[in-house]
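One structure is given here, and the rest of the page talks about it.
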Protein chains: 2
Amino acid sequence: MVSPDSDPLPAAGDMDVAEFRREAHRVVDWIAEYLAHPERYPVLSRATPGGTRQALPQGAPVQGEAFDAIFADFERLIVPGLTHWNLPGFFAYFATSGSGPGVLAEMLTAALNVQAMLWRTSPAATELEEVVLGWLRDLMGLPSSFGGVIYDTASISTLHALAAAREAAIPAARQHGLAAGPQLRVYVSEHTHTSIDKAVILLGLGADALVRVAVDERGAMRPGDLAAAIAADRASSRLPMAVVATVGTTSSTAVDPVAEIAGVCLREGIWLHVDAAYAGVTAMLPERRHLFEGSERADSLVVNPHKWLFTPFDLSVLFCRRMDVLRGAFSLVPEYLRSTEQTGVRNLMDTGVQLGRRFRALKLWMVLRYFGADGIRARLTEHMRLARVFAGWIDADPLFERVADVPFSVVCFRWAPPGGSPEAQDSLNERLLEAVNASGEVFLSHTRLNGRFVLRLAIGHIRTAEGHVARAWSLLREHARRLSQPSSTSAIPS
Amino acid sequence: MVSPDSDPLPAAGDMDVAEFRREAHRVVDWIAEYLAHPERYPVLSRATPGGTRQALPQGAPVQGEAFDAIFADFERLIVPGLTHWNLPGFFAYFATSGSGPGVLAEMLTAALNVQAMLWRTSPAATELEEVVLGWLRDLMGLPSSFGGVIYDTASISTLHALAAAREAAIPAARQHGLAAGPQLRVYVSEHTHTSIDKAVILLGLGADALVRVAVDERGAMRPGDLAAAIAADRASSRLPMAVVATVGTTSSTAVDPVAEIAGVCLREGIWLHVDAAYAGVTAMLPERRHLFEGSERADSLVVNPHKWLFTPFDLSVLFCRRMDVLRGAFSLVPEYLRSTEQTGVRNLMDTGVQLGRRFRALKLWMVLRYFGADGIRARLTEHMRLARVFAGWIDADPLFERVADVPFSVVCFRWAPPGGSPEAQDSLNERLLEAVNASGEVFLSHTRLNGRFVLRLAIGHIRTAEGHVARAWSLLREHARRLSQPSSTSAIPS
């Protein structure tokens, strides 16, 4: 409904600029209050299924409405149904950050609304992407033989990497398809991210193409087993297409031995893709660099600035040493997109499934400049220090146990009160997780390692400080104590 | 460099909230000025290849920098290298709009930074997506048997549609791949968008799988030829997998006869995907609805609110009548993403290649509410009126000719001065296009139809008014006149 004091919306044109300015200032103030008062919001939403849906009208309004009415509904109906990824008590999955400079950049990106599919459709967007990916590549210590492309998510970066691997393995597939071709094989570990499974299925290889190589007791792929699996497949006339090595697996942040795997791949002529979506940024730190050794011989590597580089969703980077193959897999230029600069400039549509692309480089540029390389390193180092502090508390408490190394900023642990079957302990840990998350102060997630239910505390939000981690730990202990008592259904002390 | 009067950036934490507030207000004022003064910017960037790249430092700064220094560089180095998609003189490709309410929503999306991969990772984001896609579906007159999913681009929506079609055609492919399977076939016309080609290649079918069915003199697929092609393939033991019908092709906005094609697909049991990425929104208009007849029997349909529905990049919608098949092609839930609400709620990761997803529904909701259904219809109607006005000017001028119908808001035309070979005329049209675009006032693009170079004027930006279209026309005539003169290299009158 148009509020009585506002003019009726004209039948053409956009929101009036003066109105935009006024409402945008209001939105900015709301955002500043939001960031200043995380305590006002439960991190994990307390919404019940269907709640938001039922609160909204079934149909679009016929007449336009005043922005203040829409914004009031946003506050009243939408915000309570959000899980607050951008608050410092967020410890689930991998913590992410919409940092200040990143949000400022996104405001400009939305207003400019440029599309960098061709160089000419925004030369600066294309060239800034090249420059800023050069910065990131150098910071991570990758050689300049790697080109880079920004995609939306690691799932899409990985899909492109594996599509390029397929192009390299059987170039005829682009034209003739896979129907008459060999059985292809992609080697992963049981800890490899499911985006690889999805990519392999999408590419037409079938889930059968995934070979899960055994891992050692720390969750790292065994290169000897990889070599044996490849040999067995070759003996059965299957065609090894790619190996995916992970630095920082999703469950436990385990590290596959990239250098040894790269040796196998080079000997065998197989595409090596390194999944460093989460942990790749730590290659900027001299004391972590060794974990990436061998990456310089990889064919491709994915790292997500929208995970642990303080850049708002979405921005994933694929570094690739064989850009010609990537272009070979994807380039296709219809007449309506031909431009006079066809040669001599880079057209980003040539390396993507997606034709349209947001101007994502701007936010990464602003984030890298605002914090600077040293500022980024200091924040990563601090997050890893916080993870070690938390791991120390776990290790010192006989009622808890840590179940994985902490090479980065994620701690895997469980509550292990004496007595009780493994299944009973699993169930206790599930209840503990629910209780802690219900507090609204923090949000942790879980995984399973060696069949057991495991809690995960993932540090990575830019405003997370030691106090937030300490609060998570005291909530865990309080709720564990309460759940240990005979009448554990009593009210939760807050 | 940190400016002398600012505090050094602390080694942890985000930009201070007070600083964020101050800088965000400054960015808002910049955006308001930008929108208020389109005349300050050439629509098509005048940057030269490498210009932006060379103006930027080769490496990331070691120390963090003050935001005002970064913003000054944005204005000085980046803005001149942008092609201004969000200004009213943009008539190239398909015109798009970052409208006021859409930009306001994007500011909130960036600051909240929520990820709606699972219901619990933001219930309201998941449910708002359902609600707002229900609104859009109803406005477009599609039956409620269609579910919807928001993706980033039409390329990705189409990829999902064709992946679902593959799942329906050979369910065993998900597990076993395509290697031992039949030759699949996908039927398109010569005007079908290249995203279909890319999807077919990516899915492992090979470009050979594309069958280009003949079109009539208006660029519409001939259903009789489609049926014949399918019969021929069946006779050769090939397996017809999908037909893509387009309502509003990219070159000339031609309309395939969806109802007749749907009849063929139903008889043959083949997946029908309707590409209405650009023109789909006009199904909201009673006088255009007939062009979509038959869509209700399609299996899937893509429409891009980021094209002609005033929503900032990126937001593409796939409507699908067989959501179970789509889920069957993509659902895959690792332990670390299992949640207690596994049943009874919708987890958007189950229908996507991409695991991470921005909170895109918010901007579509705000745009639909702010303008209202009638306001949207009025704007679409006005854009189509402007296209007819421009087409009328072309038709009335003996030196120009219109080369396609104008069913929506795109006019295809060429300068056709008497005499000269077709090739010479093509070259004149190329020069005319370059000259008009070099004015900076407007940006038009081109295509080829029946082998001839054709100019395209695409109306769709929310602030484009009759004056902008008239200016495009007078620039075209001025430059045509100038280019006709013997010494056509003389200075361009501005």
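Whole-Hz Karplus values for the stretch A:373-378 come out as 4, 5, x, 5, 4, 4 Hz, taken residue by residue from phi with 6.51 cos²θ - 1.76 cosθ + 1.60 and θ = phi - 60°; glycine and proline positions read x. Note on A:Ala69 and B:Arg26: with the Förster distance fixed at 35 Å, the Cβ-Cβ geometry gives a FRET efficiency of about 0.80. At q = 0.06 Å⁻¹, what log₁₀ I(q)/I(0) does the protein assembly as shown have when each alpha carbon counts as one equal point scatterer in the Debye sum? For the requested q values the scattering log ratios are -0.42.
Taking a ≥ b ≥ c as the square roots of the eigenvalues of the alpha carbon gyration tensor, the stretch A:91-140 is oblate, as a/c is not under 1.5 and a/b does not beat b/c. Here is the list for the stretch B:240-317: GluC sites (Glu not before Pro) lying in DSSP coil, each with at most 16 other C-beta atoms within 10 angstrom of its C-beta, are B:Glu287, B:Glu293. Shielding by partners for peptide B:124-134, expressed as the average number of C-beta atoms from other protein chains within 10 Å of each residue's C-beta, is 6. Ordering A:Ala95, A:Ala154, A:Ala235 by the projection of their Cα atoms onto the charge dipole of the stretch A:77-236, which places +1 on the Cβ of Lys and Arg and -1 on the Cβ of Asp and Glu, puts A:Ala235 at the extreme positive end. Sorted from nearest, the other copies put their B:Glu217 label points 8.2 nm away, the label point being 7 Å from Cα in the direction of Cβ. Out of every Cα-Cα pair that the stretch B:242-396 contains, those further apart than 21 angstrom amount to 57 percent. Near the amide H of B:Leu210, within less than 5 Å, lie the amide hydrogens of B:Val186, all on another chain or at least 5 residues away, with H placed in the peptide plane.
Computed with a 1.4 Å probe over protein heavy atoms only, the accessible area of A:Lys198 comes to about 20 Å².
Helical content alone sets the calculated 222 nm signal of chain B at -13000 deg cm²/dmol, taking -39,500 (n - 2.57) per DSSP H segment of four or more residues and averaging over every residue.
Taken one residue at a time, the phi angles of the stretch B:241-252 give Karplus couplings (6.51, -1.76, 1.60, θ = phi - 60°) of 10, 7, 10, 10, 9, 10, 10, x, 5, 5, 5, 10 Hz. Gly and Pro are set to x. Averaging 1/r over every pair of different alpha carbons in chain A and inverting the result gives a Kirkwood radius of 24.9 Å. By a 1.4 Å probe calculation restricted to protein chains, B:Ser251 has an accessible surface near 10 Å², given to the nearest 10.
Above 23 Å, the calculated P(r) of the stretch B:122-203 contains 40 percent of its Cα-Cα pairs. Magnitude of the charge dipole for the protein assembly as shown, about its Cα centre and with charges confined to Cβ atoms of Lys, Arg (+1) and Asp, Glu (-1), is about 1260 debye.
Between identical copies, the spacing of B:Pro422 label points, each set 7 Å from Cα toward the C-beta atom, reads 7.5 nm from nearest to farthest.
Shown for A:Glu335: label points 7 Å from Cα along the beta-carbon vector, and their distances to the equivalent points in the other copies, 5.7 nm in ascending order. Scanning chain B for the Cβ atom closest to the axis that brings B onto A yields residue and whole-Å distance B:Gly204, 1. Accessible surface of B:Phe20, taken over heavy atoms with a 1.4 Å probe and every protein chain present, rounds to 0 Å². Spread over its residues, the convex hull of the C-alpha atoms of the stretch B:185-287 is 101 Å³ per residue.
Straight-line reach from A:Lys307: taking Cα to Cα under 19 Å and skipping same-chain neighbours fewer than 8 places apart, the lysines in range are A:Lys363. Each Cα pair under 8 Å and six or more residues apart adds its separation to the average, and for chain A the resulting relative contact order is 21 percent. With all protein chains kept in place, the per residue accessible area of chain B amounts to 32 square angstrom at a probe of 1.4 angstrom.
Within a straight-line Cα-Cα reach of under 19 Å, A:Lys198 can be paired with the following lysines, leaving aside sequence neighbours fewer than 8 residues apart in one chain: B:Lys198. What does the charge add up to near A:Val303, with Lys and Arg as +1, Asp and Glu as -1, over the other residues with Cβ less than 12 Å from its Cβ? Net charge in that neighbourhood comes out at +1.
Taking 56 Å as R0, compute the FRET efficiency from the Cβ-Cβ separation of B:Arg267 and A:Ala228 and round it to 0.05.
On the way: r = 52 Å, r/R0 = 0.93.
E(calc), rounded to 0.05, equals 0.60.
What area, in nm² and to one decimal, does the C-alpha convex hull of the stretch B:391-459 cast on average over all directions? Intermediate results must be reported in sequence, preceding the final value.
Working: hull surface 18.6 nm².
The directionally averaged projection comes out at 4.7 nm².
Note on chain B: antiparallel DSSP beta bridges, both residues inside, total approximately 55 percent of the bridges counted. Buried surface between chains A and B: roughly 14700 Å² of accessible area, summed over both sides, computed with a 1.4 Å probe on protein heavy atoms only. Direction-averaged projected area, Cα convex hull, the stretch B:1-125: 11.3 nm², rounded to one decimal.
For the stretch B:284-292, putting each phi into the Karplus relation 6.51 cos²θ - 1.76 cosθ + 1.60 with θ = phi - 60° gives couplings of 6, 9, x, 6, 10, 3, 4, 5, 9 Hz, in residue order, rounded to whole numbers and with x for Gly and Pro.
Measuring between their Cα centroids, the stretch B:351-429 and the stretch A:183-233 lie 48 Å from each other.
The values are calculated or read from the model by the stated rules, or taken from the named source; none is laboratory data. These figures come from a predicted structure and were not determined experimentally. Neighbour counts are summed over all protein chains in view; Cβ atoms, including those assigned to glycine, are modelled from backbone coordinates with ideal geometry. Heavy atoms of the whole protein, side chains included, go into the accessibility calculation; ligands, DNA and RNA do not. Shrake-Rupley method; radii C 1.70, N 1.55, O 1.52, S 1.80 Å.
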